[in-house]
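Below: the structure, in structure tokens.
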Amino acid sequence: MTRNLILIRHAKSSWDDPDLSDKDRPLNGRGRKSAKAIGDWLRAKGHVPDAALSSSSTRTRETWDLLGFDAPVTFTDDLYHVTGNQILRMLSGETEKTVLLLGHNPGISEFADEIVSAPPKHPKFVDYPTGATLVLRFDIDDWSSLGWRSGAVVDFIVPRDLLDQI
């Protein structure tokens, strides 16, 4: 059996209000367009989550809403400024076949770098910019068997690749 992971860094956030805490920063206009474009791209490619885990920050909540999926989502503070090892532990308790995980750097890029068996050839993978989306397949029966360097890359894209086409 296989398991699938859609790993997304939140879309571009706004820095317009310097009084807001980092956790409370919303998306900016480009971020809103990017999140919608990523959701459309995922659906067009057939990458639809059965469940989602997301940081509880404002920008990840807004990104989730704009992706436009109708799947159960768990918002948690445990994905805010998290390490790759913590992400691995969180995923080990999942039960659905395809899980979308939405979070922040540096944890998301650290996790992405360590979980892939071979990185995609995309020049932005190392940077993992806002909105970066990695789709992985794992040849495991359940998430508790997830291990480092075990993910086969199915797709990778950044919002600029989509928005430049519009």
*Please state which of the following conditions residue 88 fails to meet, knowing it meets all the rest: (1) touching a strand residue (DSSP E or B) at 6+ places or on another chain (Cβ under 8 Å); (2) touching a residue at least 60 places away in the same chain (Cβ under 8 Å); (3) closer than 20 Å to residue 3 by Cα; (4) surrounded by fewer than 19 Cβ atoms within 10 Å (Cβ to Cβ).*
(1)
*asked:* If I filter region 18-40 for residues that are buried (at least 17 other Cβ atoms within 10 Å of the Cβ), within 21 Å of residue 82 (Cβ to Cβ) and hydroxyl-bearing (Ser, Thr, Tyr), do I get at least one hit?
replied: no
_Taking the criterion of being among the hydroxyl-bearing types (Ser, Thr, Tyr), at pLDDT below 95 and within 22 Å of residue 27 (Cβ to Cβ), would at least one residue in region 56-70 satisfy it?_
no
*Is region 144-156 home to any residue that is within 17 Å of residue 11 (Cβ to Cβ), touching an Asp or Glu at 6+ places or on another chain (Cβ under 9 Å) and assigned to a loop (DSSP other than H, G, I, E, B)?*
no
*Return the total of residues in region 18-43 being closer than 18 Å to residue 77 by Cβ and of a type outside the set (S, T, N, Q).*
6
*What are the residue pairs meeting all of these: first residue in region 1-23, first residue within 24 Å of residue 116 (Cα to Cα), second residue at pLDDT 95 or above and acidic (Asp, Glu), Cβ atoms under 6 Å, and 6 or more apart or on different chains?*
1/141; 2/139
*Filtered residues of region 48-68 (kept if surrounded by fewer than 19 Cβ atoms within 10 Å (Cβ to Cβ) and under 21 Å from residue 90 (Cα atoms))*: 48, 50, 51, 56, 61
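The values are calculated or read from the model by the stated rules, or taken from the named source; none is laboratory data. For clarity, every value in this text was computed on a predicted model and none was experimentally measured. Every residue, glycine among them, receives a Cβ derived from its backbone with ideal geometry; neighbour counts consider all protein chains shown.
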